[in-house]
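*Asks:* Let me begin by handing over the structure; questions about it come next.
The values are calculated or read from the model by the stated rules, or taken from the named source; none is laboratory data. Treat the numbers as computed from the prediction; the structure is a model and nothing was measured. Glycine also receives a Cβ, built like all others from the backbone with ideal geometry; neighbour counts cover every protein chain displayed. The accessibility values were calculated without ligands, DNA or RNA, using every heavy atom of the protein model including side chains. Shrake-Rupley method; radii C 1.70, N 1.55, O 1.52, S 1.80 Å.
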Amino acid sequence: MKLKFFLILLLSTFALGQDLDLKRGINVDGILQYPPFESLTEADLDFFATISEAEFDFIRLLVNPKFFISDEIKAYDSLKLALQTAQDHDLKVIIALYLEDDDLLNLLTKSHDQDVYQVFLGRLAAWLHQQKFTSIALELLDEAFDPSRDDCEASEFGVFWQNYLENLVKTIRRGYKNLPLVISGLCFSSPGALMGLEPLTDRQIYYSFHYFEPTLFTQQGTDLYWFWQALDSIPYPADMSLMDRLLELLNRFDASKQAEAERKLRSYANSNFSSEQIFADFQELSDWAASHQVKLFLGAFGVNQRVHPSARQLWLDDVSHAAETLAIPWAVASWQGDYQLWQDAWLWEASR
């Protein structure tokens, strides 16, 4: 009986592929993400120690593939230093490949760029295999989207994305057979787009989604959209009793935009969005993953710094709690930038 149980356990582990045993991570952006490329030094990575001390067990490192074309040797040297420093601090690493807007659009619309990117991934995989780093994974592309539409509804582009992912994985496997990989759906890695993917036959894949719901709350103060930029006092959870307070915000908008602004504010208040909705969203994803026998990963979630600290922390707690309840590893946004945690006195209570 013991032998039979062991064989079942072994086969189950193999079916799901290599498991990095990810739990709590943090997104690290900015150091290898935005042009112009600058070589990293050990001093640039001192904060890895703080991340480890805060009891995060991994980082999701945003890396720009263009650096490996324009400054190939220096880029690889800097990535090697980052991986070595992370390993020295007992941090696992997800290398998340990130392209800026125009470069990402070119990749998603031009066959030449798609071919070049596929060759790059093959070379990167072979290099990672040669370095023999342990506890790393490669995320094929951060927040892809359908360039043919902006409503995130299914389209023919979804068929291309499915096939392209399969081809990228095959290319990577020629250089590194056992490297854990991370993929996501379209619509900027939305949960719904992830569930629209047909899981690949490769079993060493994490299926990633990003969560910033409700955007009226989490994105307030950002310049991604005119409506969000004008706000800094949307509360969480949502409640109809807040309607009068929310409507006071209308004078921040031009007269031509006030009707749309009021509609959005009323919709948020009526939603009663709370921890229950967050858990329901995650339960749906968990059920999808279980039905396909794949591993989920919450790759990014966060709240803009302009949000009131108590509401911000409550939302972060609710999201992370839902993920942990359902055994979904997560990476919070982020070490720096609009969603940064490191300057907060509590550093999110030392990773809770």
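*Asks:* Residue by residue, what Karplus-based ³J(HN,Hα) values in Hz, rounded to whole numbers, does the stretch 69-84 have, using 6.51, -1.76 and 1.60 with θ = phi - 60° and x for Gly and Pro?
*Replies:* Rounded to whole hertz, the list is 9, 7, 9, 4, 5, 5, 5, 5, 4, 5, 5, 4, 4, 5, 5, 5.
*Asks:* Moving on. Please report, in debye to the nearest 20, how large the charge dipole of the stretch 65-122 is about its Cα centre when each Lys and Arg carries +1 at its beta carbon and each Asp and Glu carries -1 there.
*Replies:* 180 debye
*Asks:* Leaving out ligands and nucleic acids, and using a 1.4 Å probe, what accessible area per residue does the chain come to in Å²?
*Replies:* Working: 16990 Å² over 352 residues.
Result: 48 Å² of accessible area for each residue.
*Asks:* Compute the orientation-averaged projected area for the chain from the convex hull of its Cα atoms and round it to one decimal in nm². Intermediate results must be reported in sequence, preceding the final value.
*Replies:* Values: hull surface 78.3 nm².
The orientation-averaged projected area of the Cα hull of the chain comes to 19.6 nm².
*Asks:* Also, I was wondering about something else. What do you get for Rg/Rh over the stretch 303-343 if you use C-alpha atoms and the Kirkwood form of Rh? Let's see the in-between values first.
*Replies:* Numbers: Rg = 10.8 Å, Rh = 10.8 Å.
Reported Rg/Rh, Kirkwood definition of Rh: 1.00.
*Asks:* Also: What percentage of the solvent-accessible surface of the stretch 144-197, computed with a 1.4 Å probe over protein heavy atoms, is contributed by carbon and sulfur atoms?
*Replies:* The value for the stretch 144-197 is 53 percent carbon and sulfur by accessible area.
*Asks:* Hey, if we sort Lys74, Lys177 by accessible area with the 1.4 Å probe, largest down, what's the order?
*Replies:* Numbers: Lys74 115, Lys177 145 Å².
So, going from the largest accessible area down, we get Lys177, Lys74.
*Asks:* Further question: With every protein chain left in place, what is the accessible area of Ile69 in Å² (1.4 Å probe, nearest 10)?
*Replies:* Ile69 exposes around 120 Å² with every protein chain in place.
*Asks:* If you roll a 1.4 angstrom probe over the protein chains with everything in place, what fraction of the accessible area of the stretch 241-301 belongs to carbon and sulfur, to the nearest %?
*Replies:* Details: 1400 of 3270 Å².
Of the solvent-accessible surface of the stretch 241-301, carbon and sulfur hold 43 percent.
*Asks:* Which peptide among 306-313, 186-193 comes first, and what is the full order, when sorted by highest mean count of other Cβ atoms within 10 Å?
*Replies:* Values: 306-313: 16.4, 186-193: 21.4.
In decreasing order of mean packing, 306-313, 186-193 become 186-193, 306-313.
*Asks:* Oh, and also: In the chain, if the dipole is taken from +1 on Lys/Arg beta carbons and -1 on Asp/Glu beta carbons about the Cα centre, which of Val63, Thr218, Tyr34 is farthest to the positive end?
*Replies:* Sorting the options by dipole projection puts first Val63.
*Asks:* Å³ per residue of the Cα convex hull, for the stretch 174-321? Spell out each step's value before the answer.
*Replies:* Working: hull volume 20.2 nm³, N = 148.
In the stretch 174-321, the Cα convex hull volume per residue is 136 Å³.
*Asks:* At 1.4 Å probe size, what's the solvent-accessible area of Trp228? Round to the nearest 10 Å².
*Replies:* Result for Trp228: roughly 50 Å² accessible.
*Asks:* Right, something else. To the nearest 20 debye, what is the magnitude of the charge dipole of the chain about its Cα centre, counting +1 on the Cβ of each Lys and Arg and -1 on the Cβ of each Asp and Glu?
*Replies:* On the way: 28 positive and 51 negative charges, 243 e Å.
So the magnitude is around 1160 debye.
*Asks:* In the calculated pair distance distribution of the stretch 8-121, what percentage of Cα-Cα distances lie above 17 Å? Before the final figure, lay out the partial values.
*Replies:* Values: 3952 of 6441 pairs.
The calculated P(r) of the stretch 8-121 puts 61 percent of pairs beyond 17 Å.
*Asks:* Among the lysines, which fall within straight-line cross-link reach of Lys80, defined as a Cα-Cα distance under 23 Å, with same-chain neighbours fewer than 8 residues apart omitted?
*Replies:* Partners found: Lys66, Lys92, Lys132, Lys177.
*Asks:* Find how many whole Å separate the alpha carbon centroid of the stretch 186-225 from the alpha carbon centroid of the stretch 106-185.
*Replies:* Computed from Cα coordinates, the inter-centre distance equals 16 Å.
*Asks:* Let me ask another. Taking a probe of 1.4 angstrom, what is the accessible area of Asp223 in Å², to the nearest 10?
*Replies:* Estimated to the nearest 10 Å², Asp223 gives 110 Å².
*Asks:* About its Cα centre, what dipole magnitude does the stretch 156-249 give when the only charges are +1 on Lys and Arg Cβ and -1 on Asp and Glu Cβ, stated in debye to the nearest 20? Before the final figure, lay out each step's value.
*Replies:* Working: 6 positive and 10 negative charges, 166 e Å.
Once rounded to the nearest 20, the dipole reads 800 debye.
*Asks:* Of the heavy-atom accessible surface of the stretch 84-131 (probe 1.4 angstrom), what whole percent is carbon and sulfur? Could the numbers behind the result be given before it?
*Replies:* On the way: 1020 of 2340 Å².
In the stretch 84-131, the share of accessible area belonging to carbon and sulfur is 44 percent.
*Asks:* Where the centre of each part is set by its Cα atoms, how far does the stretch 55-78 sit from the stretch 230-244, in angstrom?
*Replies:* For the stretch 55-78 versus the stretch 230-244, the Cα centre distance is 39 Å.
*Asks:* Restricting to Cα pairs below 8 Å that are 6+ residues apart, what does the relative contact order work out to for the chain? Please round to a whole percent. Walk me through the intermediate numbers first.
*Replies:* Numbers: 527 pairs, mean separation 66.4, N = 352.
Relative contact order of the chain: 19 percent.
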